[in-house]
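The values are calculated or read from the model by the stated rules, or taken from the named source; none is laboratory data. Because the structure is predicted, anything quoted here is derived from the model rather than measured. Using ideal geometry, Cβ is built from the backbone for each residue, glycine included, and neighbour counts are taken over all protein chains shown. Note: accessible area is taken over every heavy atom of the protein model, side chains too, but ligands, DNA and RNA are not part of it. Shrake-Rupley method; radii C 1.70, N 1.55, O 1.52, S 1.80 Å.
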Amino acid sequence: MLETGVKAPEFTLPDQDGNMVSLSDFAGKKVILYFYPKDNTPGCTKQACGFGELYPQFTEKGAVVLGVSKDSVASHRKFADKYNLPFTLLSDTELKVLEAYDVWKEKTMYGKKVMGVVRTTYLIDENGVIAKAFGKVKAAENPAQMLEVI
């Protein structure tokens with residue numbers, strides 16, 4: 001996990017509509033950048049829907065929400081449509097951003113070692129610096145937790 005106080009790594013990734021989105025597009029705003037394992041899985045759905053429900057409060061506080069996983073643009077489009085998600089989902093199929101933010105890790109699933117995303121959320125300030133970092137977050141609690149810290 002990246003440390004607080006460091007400059008957030010710049011990136012450009014396609015969103016659920018195939019549009020290219022860069023971190024620098026949000027200069028001057030707080031960014032909640034959350035990394036999750038997979039679209040349409042129970043924990044990831046709870047987390048995404050939580051951010052969706054609280055989205056108006058995030059925007060009132062001048063914050064944007066960006067969700068990142070290794071799922072495809074098409075998968076993100078279906079996920080966003082199915083749950084009416086009002087924020088941006090970014091596709092990192094090449095794992096470059098997942099690795100840059102140190103969330104692509106070896107995990108144990110069903111007794112086997114596998115590589116995967118460790119659910120992590122970063123709060124990036126208006127100057128592009130990591131203000132808070134939360135590792136191994138609880139999916140259902142994370143949206144409310146982030147609303148409190150901004």
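Within segment 99-148, which residues are among the aromatic types (Phe, Trp, Tyr) and modelled with pLDDT under 95?
Let us first name the residues in segment 99-148 that are among the aromatic types (Phe, Trp, Tyr), namely 101, 104, 110, 122, 134.
If the condition is that a residue be among the aromatic types (Phe, Trp, Tyr) and modelled with pLDDT under 95, then Tyr110 is the only one that fits.
One line per residue, one yes/no per condition, for (1) of a type in the set (Gly, Ala, Ser); (2) within 23 Å of Ala27 (Cα to Cα); (3) crowded, with 17+ Cβ neighbours inside 10 Å:
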| position | (1), (2), (3) |
| --- | --- |
| Pro86 | no, yes, no |
| Asp102 | no, yes, no |
| Val114 | no, no, no |
| Leu123 | no, yes, yes |
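Can you tell me how many residues in segment 125-137 are of a type in the set (Val, Ile, Thr) and either touching a Pro at 6+ places or on another chain (Cβ under 6 Å) or under 25 Å from Ala27 (Cα atoms) (or both)? So that I can check it myself, show each step before the final result.
Residues of segment 125-137 that are of a type in the set (Val, Ile, Thr), as a first pass: 129-130, 137.
From what is left, the residues that are either touching a Pro at 6+ places or on another chain (Cβ under 6 Å) or under 25 Å from Ala27 (Cα atoms) (or both) are 129-130.
Counting residues in segment 125-137 that are of a type in the set (Val, Ile, Thr) and either touching a Pro at 6+ places or on another chain (Cβ under 6 Å) or under 25 Å from Ala27 (Cα atoms) (or both) gives 2.
Mind counting the residues in segment 35-78 that are more than 14 Å from the chain's Cα centre (by Cα) and not in a helix (DSSP H, G or I)?
5
Just one of (1) farther than 15 Å from Lys38 by Cα; (2) charged (D, E, K, R); (3) under 14 Å from the mean Cα position of the chain (by Cα); (4) assigned to a loop (DSSP other than H, G, I, E, B) trips up Glu99, so point out which.
(4)
Being open to solvent by 20 Å² or more (accessible area, probe 1.4 Å), closer than 19 Å to Glu126 by Cα and either of a type in the set (D, E, K, R) or in contact with a strand residue (DSSP E or B) (Cβ under 7 Å, 6 or more places away or on another chain) (or both) is the filter here; which residues of segment 49-63 pass it?
Tyr55, Glu60, Lys61, Gly62
Test Ser69 against the stated conditions and say whether it is open to solvent by less than 70 Å² (accessible area, probe 1.4 Å), hydroxyl-bearing (Ser, Thr, Tyr) and out of contact with any Cys (no Cβ under 9 Å at 6 or more places or on another chain).
No, not satisfied.
Take the residues in segment 1-48 that are more than 18 Å from Thr59 (Cβ to Cβ), among the hydrophobic types (A, V, I, L, M, F, W, C) and touching a helix residue (DSSP H, G or I) at 6+ places or on another chain (Cβ under 7 Å), then tell me which one is surrounded by the fewest Cβ atoms within 10 Å (Cβ to Cβ).
Looking at the filtered set, the residue picked out is Phe11.
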